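No lab work stands behind these numbers, since they all come straight from the coordinates. These numbers were taken from a predicted model, which means no experiment stands behind them. Glycine also receives a Cβ, built like all others from the backbone with ideal geometry; neighbour counts cover every protein chain displayed.
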Amino acid sequence: QVQLVESGGGLVQPGGSLRLSCAASGIIFSIYGMGWYRQAPGKQRELVASITSGDSTSYADSVKGRFIISRDLSKNTVYLEMNRLKPEDTAVYYCNAALRRRDYWGQGTQVTVSS
């Protein structure tokens, strides 16, 4: 059974930082591409950052220079370091694991940026 479990969300002031974690089980973590998506109220889910099995990373323009995606193969965990957070970063953040036609999602973790 595949499980992706996110953690690390919460309430933070503008300009603050958070680190999200996504622990994966039930998959061969090293061969999957991993991604972080987010969905704000009334908006479509969007890709925030991704990392390939070869450790290539990509980012949405809105988070470039502020967010960093990384992964620890020894812990089967992918991280999203979020810095200089803005109110518009408020959303539910989802972890995704993808390999060809296999596509798995976590349950999401809420991030709220507000003073």
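Rounded to the nearest 20, the size of the Cβ-charge dipole of the chain about its Cα centre is 120 debye, with Lys and Arg at +1 and Asp and Glu at -1.
Net charge in the neighbourhood of residue 94 (other residues with Cβ under 9 Å of its Cβ; Lys, Arg +1, Asp, Glu -1) is +1. The range 71-85 and the range 1-47 have their alpha-carbon centroids 9 Å apart. Think of the range 1-107 as a dipole: +1 on every Lys or Arg Cβ, -1 on every Asp or Glu Cβ, centred on the Cα centre; then among 73, 99, 59, 99 lies furthest on the positive end. Listed by chain and number, the lysines whose alpha-carbon sits under 30 Å from that of residue 43, ignoring those within fewer than 8 places in the same chain, are 64, 86.
Near residue 33, the amide H atoms lying under 5 Å from its own belong to 53, 98; only residues 5 or more places off or on other chains count, and H is placed 1.01 Å from N. Neighbours of residue 72 by Cβ distance under 14 Å: Lys/Arg scored +1, Asp/Glu scored -1, total +1.
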